[in-house]
Amino acid sequence: MNITGRVETFFWNILNRPVLKDWIDIAILAFVLYKAFMLTRQTRASQVLKGFGVLIIVSWLSDLLGLKALNWLLMSVLNNGAIVLMILFQPELRRALEQLGRGAKIDHIVDSQDEGDRIVFEVSQAVQTLSHRRVGALVVFEQKTGLRDLIETGTTIDSRISGPLLVSIFEPNTPLHDGAVIIRGNRIMAAGCVLSLSENSSLGRDLGTRHRAGLGVTESTDAVVLIVSEETGIVSMAQSGRLTRHLDGEALVDVLNDMYRSDRVNLFESVQSLARKFKRKGERKDERVS
């Protein structure tokens, strides 16, 4: 059979032979592949996944064209590809299993809206104070993914959220200032916690260890992290492996409100747009001054 006949036979089998359960099977597989692409998007693993997809296509073409030696070689690689992918995609697989293990949506535990407003005020004032004084800070807000393993690396505090307490924790030359504070609901669970650094090679050189640590925890969990730069005082937010910088007081309050109220919106997108707006205002102000 020539190549044209093989192609026609292939597409005829695809369109005419499948029954309902086959289409359901295809739909499930397509959904799994889509989630895999979304999970590895903007990571180094995405390039590996694309390369693996190219191997699959070339293998199919070699079989279609009757290139037996090439097809045998490619199939040998693909047959052992599951083990290779498990090694290469270990962080992404862990993140996927964590997402599967999450239950229903859990809001922060606060006694009332007044308590939520108090937390927003206390944290925002503390972060802005640290920013104005150019004191480095790293505050992690636990979401649905538990951070018990990270909490255990620090010193247990288990205290009601307080602005002065947060400021005193990050005071330079104190025992706990050099790690991360982890907040669960309305409690400061621990301070001086150790976080794994992000492996994102595209980060700018102006971002130090504190930013890389804050970004790293959001790559494997759904935590939200506030970061204050020690060098510049710039306030940043990390979420889902992405970083938003130059948050002013209003944007900071919006971040905290979105975490401590039930009618949440897309936190990252809303804060990014606010950050861009205030950055443009600052640029226009600088132009007028010059």
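The table below lists the values:
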| item | result |
| --- | --- |
| Charge tally in the Cβ shell below 15 Å around Thr174, where Lys, Arg are +1 and Asp, Glu are -1, Thr174 excluded | -2 |
| 15 Å beta-carbon shell around Ala190, net charge (K/R +1, D/E -1) | -1 |
| For Glu142, net neighbour charge (Lys/Arg +1, Asp/Glu -1) across residues whose Cβ lies under 11 Å away | +3 |
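Read the figures in this text as sums done on the coordinates, not as results from a lab. The structure displayed is predicted, hence computed values, not measured ones. Reconstructed Cβ throughout: ideal geometry from the backbone, glycine too, with neighbour counts over all protein chains shown.
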